[in-house]
1. Greater than 32 Å separation of Cα atoms is the criterion. Which listed pairs, LYS142/LYS204; LYS2/LYS322; LYS153/LYS322, meet it?
2. Just to be sure I understand: if I project the alpha-carbon convex hull of the stretch 1-123 onto a plane and average over all orientations, what area do I get in nm²?
3. Amide H neighbours of PHE228 under 5 Å, counting only residues 5+ apart in sequence or on other chains, H built in-plane at 1.01 Å?
4. Would you mind ranking ARG107, ARG123 by Cβ crowding within 10 Å, fewest neighbours first?
5. Only helices at least 18 Å long along their axis, Cα-based, and averaging 0.0 or more on Kyte-Doolittle count here, so list those DSSP H runs from the chain.
6. Going 7 Å from the Cα of ASP30 toward and past its Cβ, which residues in the stretch 192-226 have a backbone nitrogen under 13 Å from where you end up?
7. Give the shape of the stretch 117-173 as rounded, prolate or oblate, defined through the alpha-carbon gyration tensor: a ≥ b ≥ c are the square roots of its eigenvalues, a/c under 1.5 means rounded, and otherwise the shape is prolate if a/b is larger than b/c and oblate if not.
8. When the Kirkwood radius is taken over all Cα pairs of the stretch 76-144, what Stokes-Einstein diffusion coefficient follows at 4 °C and 1.567 mPa s, in µm²/s?
Amino acid sequence: MKQSVVVIALFAAVMAALPGFLGDNPYIADILITILMMASLASAWNIVGGYAGQFSFGHAAYFGAGAYTTSILLTTLNPGIPVSIAAGVLVSCVIALLTGTIVFRLRGHYFALASIAVAEIVRLTVLNLDITGGAQGILVTKVSFGSLDLNSKVPFYYAMLFLLLVTLGISALIYRSRTGYYLLAIREDQDAAASLGINLYLFKNIALVISAAIASVAGSIYAVYISFIDTSTVLPLRLSIEIILTTIIGGIGTLWGPVLGAVLLVSLAEALRSNMIGEYLVNTGMVSEGSATGAFLKSNLAHAHVLVYGIITVLCILGLPKGILGFFRRKGEA
């Protein structure tokens, strides 16, 4: 535990100083905020998916619940950002408890399908309510927080960094606690865990509620950051899948795996979307711009990030079932 605290502290010091080295570049700042957000979401999912072994495909529901609750309160009553975020956490935890009470009676792929259904129910409900703006979404404007300049990206960078550090601290604490041992026992063999007197539903729900609360805070911060949300932005099934892929590729069940996965996948997605990889291949002469291959890469590679995600996931499942960090951990133990 002490080692984890030291590593988290060093990580915090480096990341806190990073904006000073990179300068005032909105593009780089946006990428870093996205990495921190995805790392937080993946670390939160890792508590229920990595430690407890419950593959929830519905975490976009908790992210979206936080985003929508915060946005609705800020645009109507405007009680302030902290109160709005806390309300989002409360709503997400209630949804998580209702979800856990129902779907944790299922196992394996039945549980995964049920979690998808819950997320879709939340999305369709939000899409058809007047208070949520329906398909038009919600525009979050005229929001203030003390003397901070919310038109700058810097406050959101530090907000996401703080959330990630708290999430890592909670994950490390859970892993070394009795609750963590119970979750690991549930992951390895639910029937054996139940025979030892472990309350399966209680500890699964504890993991899910903690995970949902963190995802909700991330959604709240993101809603204020982008100033506009709709169901396609904060409640897509794609987001839930990306959270899971980030954890699996980085190292499921490890403390730093989700962070590594977020760095790799967000950077890769941005490189593909900006066609940086295609331009690099052409500029270095590896591919001729006038060739059929060059024309294909230039016109299609920017839209291929989902395909690349799929290929990387298949390769990881076949060659690195425990993710990148899990692979190096096994090498170190060998």
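1. Details: LYS142/LYS204 40 Å; LYS2/LYS322 24 Å; LYS153/LYS322 35 Å.
Long pairs (Cα-Cα over 32 Å): LYS142/LYS204; LYS153/LYS322.
2. Values: hull surface 40.9 nm².
Over every viewing direction, the Cα hull of the stretch 1-123 projects on average to 10.2 nm².
3. It is VAL140, by chain and number.
4. Values: ARG107 13, ARG123 20.
Going from sparsest to densest Cβ surroundings: ARG107, ARG123.
5. Numbers: long enough: 2-22 (30 Å, 1.86); 26-46 (29 Å, 1.30); 59-75 (24 Å, 0.74); 81-103 (32 Å, 2.30); 108-127 (29 Å, 1.43); 154-175 (31 Å, 2.00); 200-226 (39 Å, 1.70); 237-251 (22 Å, 1.53); 257-273 (24 Å, 1.52); 305-319 (21 Å, 2.27).
Passing helices, by number: 2-22, 26-46, 59-75, 81-103, 108-127, 154-175, 200-226, 237-251, 257-273, 305-319.
6. 226
7. Numbers: a/c = 3.87, a/b = 1.30, b/c = 2.98.
Here the stretch 117-173 falls in the oblate category.
8. On the way: Rh = 14.2 Å.
The diffusion coefficient I find is 91 µm²/s.
FYI, it's all coordinate maths here, none of it is from the lab. All figures in this text were calculated on a predicted structure; none of them were measured in a lab. A quick note on method: Cβ atoms are made from the backbone with ideal geometry, for glycine too, and the neighbour counts reach across all protein chains shown.
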